[in-house]
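Participant: I have a structure I would like to understand better, so I am pasting it below and will then ask my questions one at a time.
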Amino acid sequence: MSNKETIRKVLVLGSGALKIGEAGEFDYSGTQALKALREEGIASVLINPNIATVQTSEGIADKIYFLPVTPFFVEQIIEKERPDSILLAFGGQTALNCGIQLYQNGILEKYQVNVLGTPVEAIIETEDRELFARKLRSIDVKTPRSIAVTSTKEAIKASGELGFPVIVRAAFTLGGQGSGFCNNEEELKKLAEKAFSYSSQILVEESLKGWKEVEYEVVRDCYDNCITVCNMENFDPLGIHTGESIVVAPSQTLTNNEYHKLRQLSISIIRSVGIVGECNVQYALDPESEDYRVIEVNARLSRSSALASKATGYPLAFIAAKLALGYGLHELKNSITKTTTAFFEPALDYIVCKIPRWDLNKFIGVSKEIGSSMKSVGEVMAIGRTFEEAIQKGLRMVGQGMHGFVGNNDLDFPDIEKALSEPTDMRIYCIASAFQAGFSIDKIHKLTRIDRWFLVKLKSVFDLKQELKQFHTLEEVPTETFILAKKKGFSDFQIARFVLKDRGNMREKMLQVRDFRKESGIFPFIKQIDTLAAEYPAQTNYLYITYNATESDIIPEQDNRSVIVIGSGAYRIGSSVEFDWCSVNALMAVRKAEYRSVMINFNPETVSTDYDICDRLYFDELSYERVMDIIELEDPKGVIVSTGGQIANNLAMPLFKAGVNILGTSPDHIDQAENRHRFSSLLDELKVDQPRWQELSTIEEIHHFVEEVGLPVLIRPSYVLSGAAMNVVSNHDELDMFLNLAARVSKEYPVVVSEFIQNAKEIEIDAVASDGEIIAYAISEHIEFAGVHSGDATMVFPAQKIYFETARRIKRISRDIARALRISGPFNMQFLAKDNDIKVIECNLRASRSFPFVSKVIKINFIELATRVMLGIPTEKPNKSAFDLEYIGVKAPQFSFSRLQKADPVLGVEMASTGEVGCIGENYYETLLKAMFSVGYRIPEKSILLSTGDARSKLELLESARMLNEKGFQLYATRGSALYLHENGIPATVLYWPDEEKQPNTLTYLREKKIDLVINIPKDLSKTELNNDYTIRRTAVDFNIPLITNARLASAFIYGICRPEEGIKIKSWDEY
Amino acid sequence: MKKTRLILEDGTVFYGQSFGCERSVAGEVVFNTSMTGYPESLTDPSYRGQILVLTYPLIGNYGVPSEITENDLFKFYESDHLQITGLIIADYSEEYSHWNASESLGQWLQRSSIPGLTGIDTRALTKVIRERGAMSGKIEFDGEPIEFTDPNKENLVAQVSTSQKETYGDGSKRVLLVDCGVKYNIIRHFLKRDTTVIRVPWDYDYSGESYDGLFISNGPGDPKMCVDTIANLKWAVDQDKPVFGICLGNQLLALASGADTYKLKYGHRSHNQPVLMKGTNKAFITSQNHGYAIDDRSLGDEWETFFVNLNDQTNEGMRHKTRPIFSVQFHPEASSGPTDTEYLFDEFLNLIDLTR
């Protein structure tokens, strides 16, 4: 037991960059833990290179280190900071693994750092599957029959004992990496080999496919008092990773006996492990009896605990931190009612539904099937008072153009049975198609094993759609049916599509439904989440909107003092924690200005959906319909749309047309920047250059334009059937192939073709303007040449390697555009620079991905400034310039290719990274290395494989290769690259291409881990080929070998690791 | 489904659709915030005379289990039949899905002549009860008017208690169980622990019976109605035999000891009631269902508070300072609800071992 009186300084480990399996939920949990420490007056030191998080903002931790969460760096920070204690449970698997290593290496003991909360021995025990299974058996808790093995041969032997199908699991990995089902020996061999590259021990287990999957979030204090905060039931039965499943809370198909049997087991488990804080227990439950298995225990805050926290209103991470300090649950207050105790189990009077968000379309070659390892990049949580309401809300929230369970056009499942039995990210929609095709509930149940209860509810949504389709005017629809549709979560758009039919302008029809609905007196109500199902009054405004009610819990003041900030929705590739940081900072600035801050968002992984971050939180949809509902209920002073990324930005025009006061830049000017044609003419007027482009609707026009500007060109179809939405084509064959495959070209769906400028630098400006005058700006440059999506590029701020003249021109252009568009608020522009030629490629009149990064590097909060401007508060220009900085920042992307089986890990014009880090250092190379180490790169021990692409890349990397050679690295290269190196006097051993079945072969070397770093530069810019280079890249990823695919980044990295040792400085943010 | 209304004594009206028996009824309207266990709650005799509002909106999902018996008791129910007067919910599932179900909730209600309303904003209704207190109410069908009634003025215990002495099991310890509306799971818990349970009516004079320990059960209504039970208890607490009471049993023991009870504004009916064992850091999540409570301040010198409610500091149990007598306001037998305090049955039987 820790004594809170003696704790003075606590080190908190963060989770680093967002990646698949470890995302925004740890910003939420770390932030709450730090708030708990602050409330106790305990000093906190945070290590987290994820610069876009809220936890790494001013006022949350006392000291912040933007450094990798690895034992090497953490030890140095411990030595410097001398904390007396450390928290390991708030930074996901990354923090936990790092903590275990620190413990095992004796570093914690050496510096007398006390682990708060769950003892490390207990954590180690839960992480070692065999040890843990044995422990559970000793307290009569059932686990799947499984056999731990350390070789593929043993794995095959184990499968003989268990019988196929079996499941393979690797120990110590994130979100089930290297895990999967095997139906035969062949599959087992393949998977086992891969799993061993992540872990020295794997488990071969009995398959429980089709069992219900149920989770409990359990909390224990140092007095041995236990509660279960929430249970959750997966809609998708066992076989699909819980991160890939639709999940409901609380469980829906469990009887009291089942619920409490599993609850009691969870408590026995947490007691026997000795956790102090929070843990998560996952069960498989036989759908035909009360038989069960414990399938996983996480001895730390997890994605599920973030979800449970948002689903119930119970601040799990905050409480877990307090428990780690030595409090008892009964000594803490329920932070929602403020009168009752934290020792209780929330009673929900609503249902929540979590749905994963996948972005599989962004990747070439990736398998769309979902299974026992995680591929989703984000999630949404919908709240309703019926399952139908919650799931339809949720399916819209996912934000991939779906309108709910029904009413989605262009979904085509050629083989419904297969699509149901072999689940992909689209399976839920296929259930609707199955109903349409006349499948019975039983048949769908047999194919999916989804509980009939869920299917019956979905069927009722489908049936109601059929009923609505029989009407042709809104007046024909009986009021009762109309209300029923709203109670079952139908949007105005869905009703419009079914009743008014799918012709003409759907937006207008949707508005027609809205008007009709309001005239008929059909309005939604506001309900409160209060943890006690109304048994005690709630003191917080954690709200959702429902039609399953007859009165609202709160009546907004409508006093014009509310400012609504539109959130950023589900994390996805291209929009993630950085926009949550922007939203949270906008809310804080609104509060500071003494307005009522109101948030609308539905992402359970965020800090912006913590109910203490704003005055009122609507945990609801960001659709026009719902946002307008809330605006009509709130009657706010205005709405901020420029801090929530593109989702929020897209609402500007529709809200403006409805007469809503949009704070900041006028929506008409936002449109002028967004609309390609309008923006282009503005640039022409201002005499600002841009790459030549045209919007074309026939193949002939496209060929003609390509003749004129030359190849390569960038193509953006406005209608995407499959594959990437955007691509660069380098030759005519590719052009034809792309146009044939990916796009349907017509007047209705034109294609935008732009000139693609090679070897140009890409430069960005992030700025805040007030009434057209720039008051703060930050100019950054990309290390990679243009052609790599700005979200995947490595970014340096302040720009170090651009001409002074270039910077001056960029400033001037930005100033002209800001004036012309009368910008008031945040904006971002992207430029191409070649020699001193500047071309504008993009302009967004909203905060961009890099706002938190530049704000934290320059130490001027751009969002706070922008929010003040938008609120009309007189705002001075900050008295500081990037030229004064004596340090620099580097932002580097984090990829999750290892999770995305078969995806080609190569960079292009479509964004592929799932997260990022930002580090600060004294010079370019030091800072670059910090950032790259933070996203998983390491200094190679000995061997490097080079495959250096076209002539230009070869030249670019020549000097690097020479340095590596001089440093004593062993160089391997594919034939052409080796030849080039030999010609230039650099020794390199030739490895054969994967398809040449000769040794020494690249594949063998990779598989046997004889290579420590792979540099593989694609020959051209297209992403379509799946060839030898792809095999090398993919194998590197599958065997966890660092990979660089960009010549400029590779040479910068190599220069960094080869340059004379200066060491990496351990300095906190405030020391710069 | 037929549109029907719930009318509260204060004039508030809620409209819903009938999915149970179409019959007007009147009773006391109370709410329960638990998220599972409707078959158990609906057969709990403590709900006698009450129109039960479930705050969890989705009800009926797993249907209703069959009437199979074990040890002469229905295996999945807490008594022989539905005890509530009426049921109020938000979103009824006619189609249910569970391997152990044999009929739908609606079918069960219809078969048992109990009305049920769905489609009601149970949260709004709960807030009315929270603010104004538990009150009389009625489910009224068109053309079938009915008067309000206050069931607490009736002797509900007499209605739900067994009419004759019955014996269960043949274990070595003899537990005399005074049935004020006992939940079957209490009997099941005793039978699991090597006992013979002698179940007697609420007003039974057991001074001539041979037993090793006395148990006073849960039950409905105002404890002060049970004059005979209290009189018998006064005799029992002066004996050396262990005594254990649950819920109404807790209140009856208090009254027998000379302490007082009072009516709570809207009671405790949920699975998440936190209690603390007084003077310790031991806390438990408990299942509760009661509208009356012991006035802690009225406890005699010989007695002490055993547990307190962490939310509102009300009494959750008492015990004798020297004799083997204790009782709790919550339900250690759970069913429905959390099973954290089941150990109290073991403690009671340990006391029997010590005194036998």
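Participant: Would you be so kind as to identify which of A:SER943, A:ILE526, A:ALA1050 lies farthest towards the positive end of the dipole of chain A, taking Lys and Arg as +1 and Asp and Glu as -1 on Cβ and the Cα centre as origin?
Facilitator: Of the listed residues, the answer is A:SER943.
Participant: Let me ask something additional. What is region A:41-122's relative contact order, in percent, from Cα pairs under 8 angstrom and six or more apart in sequence?
Facilitator: So the answer I get is 25 percent.
Participant: Along the charge dipole of region A:99-163, Cβ charges K/R +1 and D/E -1, which of A:ALA155, A:LEU136, A:TYR111 sits furthest on the positive end?
Facilitator: Looking along the dipole axis, the top candidate is A:ALA155.
Participant: List the GluC sites (Glu not before Pro) in region A:502-554 that DSSP assigns to loop (not H, G, I, E or B) and whose Cβ has at most 10 other Cβ atoms within 10 Å. Which are they?
Facilitator: Sparse-neighbourhood loop GluC sites (Glu not before Pro): none present.
Participant: Work out, in µm²/s and without decimals, the Stokes-Einstein translational diffusion coefficient of region B:52-154 at 20 °C, 1.002 mPa s, Rh from Kirkwood over C-alpha pairs.
Facilitator: The Stokes-Einstein estimate is 138 µm²/s.
Participant: At a probe radius of 1.4 Å, what is the per-residue accessible area of B:TRP202, in Å² to the nearest 10?
Facilitator: 30 Å²
Participant: Taking a 28 Å limit on the Cα-Cα distance, which of the listed pairs A:LYS518/B:LYS138; A:LYS801/A:LYS954; A:LYS839/A:LYS891 fall beyond it?
Facilitator: A:LYS518/B:LYS138
Participant: Turning to a different aspect of this structure: When the expected Rg is taken as 2.2 N^0.38 Å, what fraction or multiple of it is the alpha-carbon Rg of region A:959-1072?
Facilitator: Region A:959-1072 yields a ratio of 1.21.
Participant: With a Cα-only, solvent-free Debye model of region A:616-666, what are the log10 I(q)/I(0) values at q = 0.14, 0.27, 0.31 Å⁻¹?
Facilitator: -0.30, -1.24, -1.59
Participant: Report the percentage of all Cα-Cα pairs in region A:126-265 whose separation exceeds 21 Å, rounded to a whole percent.
Facilitator: The calculated P(r) of region A:126-265 puts 50 percent of pairs beyond 21 Å.
Participant: Calculate, for B:LYS165 and B:ASP312, the FRET efficiency according to 1/(1 + (r/R0)^6) with r their C-beta to C-beta distance and R0 56 Å; round to the nearest 0.05.
Facilitator: 0.90
Participant: Run the dipole for chain A about the Cα centre, Lys and Arg Cβ at +1, Asp and Glu Cβ at -1, nothing else charged, and hand back the magnitude in debye, nearest 20.
Facilitator: That gives chain A a dipole magnitude of about 640 debye.
Participant: Turning to a different aspect of this structure: Test of understanding: express the Cα radius of gyration of region A:395-531 as a ratio to 2.2 N^0.38 Å, with N the residue count.
Facilitator: Expressed relative to 2.2 N^0.38 Å, the Cα Rg reads 1.13.
Participant: When 1/r is averaged over all different Cα pairs and the result inverted, which Kirkwood radius in Å belongs to chain B?
Facilitator: Value: 20.5 Å, from the Cα pair sum.
Participant: So, with +1 on the Cβ of K and R and -1 on the Cβ of D and E, and no other charges, what is the size of the charge dipole of region B:279-356 about its Cα centre, to the nearest 20 debye?
Facilitator: Roughly 140 debye, rounded to the nearest 20.
Participant: Using unit Cβ charges (K, R positive; D, E negative) and no other charged atoms, how large, in debye to the nearest 20, is the dipole of region B:69-200 about its Cα centre?
Facilitator: Magnitude of the dipole: close to 800 debye.
Participant: Distance between Cα centroids, region A:1-74 to region A:827-901: provide it in whole Å.
Facilitator: 24 Å
Participant: Would you list which aspartates and glutamates come within 17 Å of A:LYS1019, measuring only between C-alpha atoms, while excluding same-chain residues fewer than 8 positions from it?
Facilitator: Output for A:LYS1019: A:ASP733, A:GLU734, A:GLU784, A:ASP904, A:ASP950, A:GLU956, A:ASP1029.
Participant: Another one. Provide the buried accessible surface between chains B and A in square angstrom, both chains summed, 1.4 Å probe, rounded to the nearest 100.
Facilitator: Counting protein atoms only, the buried area is about 4400 Å².
Participant: Using Stokes-Einstein with the Kirkwood hydrodynamic radius over Cα pairs, what translational diffusion coefficient do you get for region A:530-619 at 20 °C and a viscosity of 1.002 mPa s, in µm²/s rounded to a whole number?
Facilitator: Answer, rounded: 152 µm²/s.
Participant: Report, as a whole number in µm² per second, the diffusion coefficient that Stokes-Einstein gives for region A:10-71 at 25 °C and 0.890 mPa s using the Kirkwood radius over alpha carbon pairs.
Facilitator: 215 µm²/s
Participant: Per residue, how much accessible surface does the protein assembly as shown expose to a 1.4 Å probe? Answer in Å², no decimals.
Facilitator: Per residue, the protein assembly as shown has an accessible area of 33 Å².
Participant: Further question: With the alpha-carbon atoms as the only input, what is the per residue convex hull volume for region A:455-584 in Å³?
Facilitator: Looking at region A:455-584, the number lands at 198 Å³ per residue.
Participant: OK, next. Kindly flag which residue pairs out of A:LYS157/A:LYS190; A:LYS19/A:LYS368; A:LYS393/A:LYS592; B:LYS153/B:LYS263; B:LYS3/B:LYS263 have an alpha-carbon separation exceeding 22 Å in this structure.
Facilitator: Checking Cα-Cα distances, A:LYS393/A:LYS592; B:LYS3/B:LYS263 exceed 22 Å.
Participant: Taking A:LYS1065 as the anchor, which aspartates and glutamates have their alpha carbon closer than 15 Å to its alpha carbon, excluding any fewer than eight residues away along the same chain?
Facilitator: In chain and number order, the partners are A:GLU75, A:GLU79, A:GLU81, A:GLU886, A:GLU922, A:GLU926.
Participant: Treating chain A as a set of equal point scatterers at the Cα positions, no solvent, please give the Debye-formula log₁₀ I(q)/I(0) at q = 0.07 Å⁻¹.
Facilitator: So the normalised log intensities are -0.61.
Participant: Determine the percent antiparallel among the DSSP beta bridges restricted to the protein assembly as shown, to the nearest 5.
Facilitator: Beta bridges within the protein assembly as shown, antiparallel portion: roughly 65 percent.
Participant: Can you tell me, using C-alpha contacts under 8 Å and at least 6 residues apart, the relative contact order of chain A as a whole percent?
Facilitator: 10 percent
Participant: Turning to a different aspect of this structure: Counting Lys +1, Arg +1, Asp -1, Glu -1, what net charge surrounds A:VAL709 among other residues with beta carbon under 11 Å of its beta carbon?
Facilitator: That works out to -2.
Participant: Let me ask something else about it. In straight Cα distance, which aspartates and glutamates are under 12 Å from A:LYS418, not counting same-chain residues fewer than 8 positions off?
Facilitator: A:GLU369
Participant: Given the options A:GLN901, B:PRO242, B:THR162, identify the residue whose Cα lies farthest towards the positive end of the charge dipole of the protein assembly as shown (+1 on Cβ of Lys, Arg; -1 on Cβ of Asp, Glu).
Facilitator: About the Cα centre, the residue reaching furthest to the positive side is A:GLN901.
Participant: Then there is this: If you find the alpha carbon centre of region B:247-293 and of region A:89-134, how far apart are they in angstrom?
Facilitator: After rounding, the separation between the Cα centres reads 42 Å.
Participant: Calculate what fraction, in whole %, of the accessible area of region A:585-739 sits on carbon and sulfur atoms when a 1.4 Å probe is rolled over the protein chains.
Facilitator: 48 percent
Participant: When the gyration tensor of region B:164-301 is built from Cα positions, what are the square roots of 5 times its three eigenvalues, in whole Å, from largest to smallest?
Facilitator: 24, 18, 15
Participant: Take the alpha-carbon centre of region B:101-173, take the same for region A:793-825, and report the distance between them in whole Å.
Facilitator: Taking the Cα centre of region A:793-825 as reference, the centre of region B:101-173 is 72 Å away.
The values are calculated or read from the model by the stated rules, or taken from the named source; none is laboratory data. Please read these numbers as outputs of a predicted model, since none were measured by experiment. Glycine gets a Cβ as well: all are built from the backbone with ideal geometry, and neighbour counts include every protein chain shown. Keep in mind that these areas ignore ligands, DNA and RNA; they rest on the heavy atoms of the full protein, side chains included. Shrake-Rupley method; radii C 1.70, N 1.55, O 1.52, S 1.80 Å.
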